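The values are calculated or read from the model by the stated rules, or taken from the named source; none is laboratory data. None of these values were measured; they are calculated from a predicted model. No Cβ is skipped: glycine too gets one built from the backbone with ideal geometry, and neighbour counts run over all protein chains shown.
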Amino acid sequence: MLTQSLVPSGVTVTPELADLRRRVRDVVSEALAAGRFSPGVDAWITGWDPDFSRELASHGWIGMTIPVEYGGHGRTFVERFVVTEELLAAGAPVAAHWVADRQAAPSLLRFGSEEQKRYYLPRIAAGECYFAIGMSEPDSGSDLASVRTRARPVDGGWRITGTKVWTSGAHAAEAFVVLARSSPLDPAQRHSGLSQFIVDLGAEGVQVQPIVSMTGQHHFNEVHLEDVFVPDDRVLGEIGGGWNQVTSELAYERSGPERFLCTFPLYRAQVRHAACRPDVPADPAIGRALARLRGLHQMSLAVNAAVARGETAEIGAAVVKVLGTAFEGDLVANAQLGGGLPPDDPLLGEGLLQRPGFTLRGGTNEVLRGVIARGMGLR
């Protein structure tokens, strides 16, 4: 795979890292040869395969950075990055465990109670507990401060009412982390009064309605919560601390290699197609894409390193997300217009259908440019 040449900046490529990358490739190659899956675009969202997730867990490749005391493997962020890159580059079906491993586990480690950590983390690492994220709402878009889902205190816990939308995997996940307003909105301090709750998706009052895409695929959902009871021991972090918690969580969502590698199977197909036609002049866009890919790799790794050190990385994560999703859109466009692939190539079809969502999920590029500008003191 082309990712072999993408050496992390400031990271020593030890024999152990090289061996880890080789072992992941071997497992993926065996699964491909056995017909376990076909490489896909956006497989980290659309490729829901619990059996494959459990197989990865058996190799210790889920919950890698979760401490051993909580059922994880105590590995480094660089090791997890290597595994993640290889799975994404292969277009492997990793959607079942993706949100739990990428977002829920780090949030639980940072903000969760001891009981929450011991209940959820071992099962996440085993590939047996799947999470969804309840942030977006109808008419709210990327403005999380405008959420209208309400949480009111009751004896022993909270009652939550509201609607979350574009909730990937909610129809098959066990729980999702809901951002809700736990105190009245103060127009002067819109970011205050928000809290996070771990909601059981099988609880009374929860209705999950599928959102079926134009492809006929179902991975998005609209989740309605009608007076859903959440006990006090399922509050994540501090009441009123939701905004700071969720913005730190977004760094995980926005900065990962899935922001520039979910179209890698399509890029590989372009490279292979060009290699089979030596009589046709090489498309310079293929080389430019590799240069952009290398830069995004370095940026994503730097942000992940900052997050691993406990540093604030929201601005860097937003930059990776904006540049990465723009890159993926350009790659699909080039594959369609000048990449030389036949128009009925299945990866090209997937790329065209998934492309509109690249710059929307995780925050629209327009909103994130504002985040970047404010963070740099430009507005």
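Key figures
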read-out: From Val165, Val199, residue being under 24 Å from Leu109 (Cα atoms), of a type in the set (Val, Ile, Thr) and surrounded by 17 or more Cβ atoms within 10 Å (Cβ to Cβ); value: Val199
read-out: Subset tally (residues that are surrounded by 24 or more Cβ atoms within 10 Å (Cβ to Cβ) and more than 13 Å from the chain's Cα centre (by Cα)) for segment 94-111; value: 1
read-out: Flag if Val94 is modelled with pLDDT of 95 or more and aliphatic (A, V, I, L, M); value: yes
read-out: Single residue of Arg259, Arg254, Arg234 found to be among the basic types (Lys, Arg) and either more than 26 Å from Ser300 (Cβ to Cβ) or out of contact with any Gly (no Cβ under 9 Å at 6 or more places or on another chain) (or both); value: Arg234
read-out: Verdict on Val13 being at pLDDT below 95 and in a helix (DSSP H, G or I); value: no
read-out: Tally of residues being polar (S, T, N, Q) and loosely packed, with under 10 Cβ neighbours inside 10 Å across segment 274-299; value: 0
read-out: Filter pass, Gly141 being at pLDDT 95 or above and small (Gly, Ala, Ser); value: no
read-out: Exclusive hit being under 20 Å from Phe81 (Cα atoms) and not in a helix (DSSP H, G or I), set Gly324, Gly362, Gly316; value: Gly362
read-out: Options Arg272, Arg288, Arg277, Arg292: the member that is under 24 Å from Glu350 (Cβ atoms), of a type outside the set (Asp, Glu) and not in a helix (DSSP H, G or I); value: Arg277
read-out: Test: residue in segment 302-309 that is out of contact with any Lys or Arg (no Cβ under 9 Å at 6 or more places or on another chain), over 30 Å from Ala105 (Cβ atoms) and at pLDDT below 85; value: no
read-out: Subset of segment 105-137 [in contact (Cβ under 8 Å) with a residue 12 or more places away in the chain, within 14 Å of Gly237 (Cβ to Cβ) and not hydroxyl-bearing (Ser, Thr, Tyr)]; value: Pro106, Leu108, Leu109, Arg110, Phe111, Gly112, Glu115, Gln116, Lys117
read-out: From Asp155, Asp186, residue being modelled with pLDDT of 95 or more, acidic (Asp, Glu) and closer than 20 Å to Ile239 by Cα; value: Asp155
read-out: Phe37 assigned to a helix (DSSP H, G or I), over 24 Å from Leu109 (Cβ atoms), out of contact with any Leu (no Cβ under 9 Å at 6 or more places or on another chain) and among the hydrophobic types (A, V, I, L, M, F, W, C); value: no
read-out: Residue identified as hydrophobic (A, V, I, L, M, F, W, C) and without any contact (Cβ under 8 Å) to a residue 40 or more places away in the chain among Ala313, Ala318, Ala291, Ala335; value: Ala291
read-out: Positions within segment 325-351 being within 19 Å of Pro39 (Cβ to Cβ), crowded, with 23+ Cβ neighbours inside 10 Å and either within 18 Å of the chain's Cα centre (by Cα) or charged (D, E, K, R) (or both), in sequence order; value: Glu328, Glu350, Gly351
read-out: Of residues in segment 62-93 being under 16 Å from the mean Cα position of the chain (by Cα) and aromatic (Phe, Trp, Tyr), the one farthest from Ser29 (Cα to Cα); value: Phe77
read-out: Search result, residues across segment 65-114 that are among the aromatic types (Phe, Trp, Tyr) and farther than 19 Å from Val41 by Cβ; value: Tyr70, Phe77, Phe81, Phe111
read-out: Segment 174-191 - residue that is closer than 18 Å to Gly134 by Cβ and of a type in the set (D, E, K, R) and, of those, surrounded by the fewest Cβ atoms within 10 Å (Cβ to Cβ); value: Glu174
read-out: Test: Ser146 is more than 30 Å from Ser38 (Cβ to Cβ), modelled with pLDDT under 95 and touching a helix residue (DSSP H, G or I) at 6+ places or on another chain (Cβ under 7 Å); value: no
read-out: All positions within segment 174-186 that are closer than 17 Å to Gly241 by Cα and not basic (Lys, Arg); value: Val177, Val178, Leu179, Ala180, Ser182, Ser183, Pro184, Leu185, Asp186
read-out: Extreme residue, surrounded by the most Cβ atoms within 10 Å (Cβ to Cβ), among residues of segment 39-70 that are without any contact (Cβ under 8 Å) to a residue 60 or more places away in the chain and over 15 Å from Val83 (Cα atoms); value: Gly47
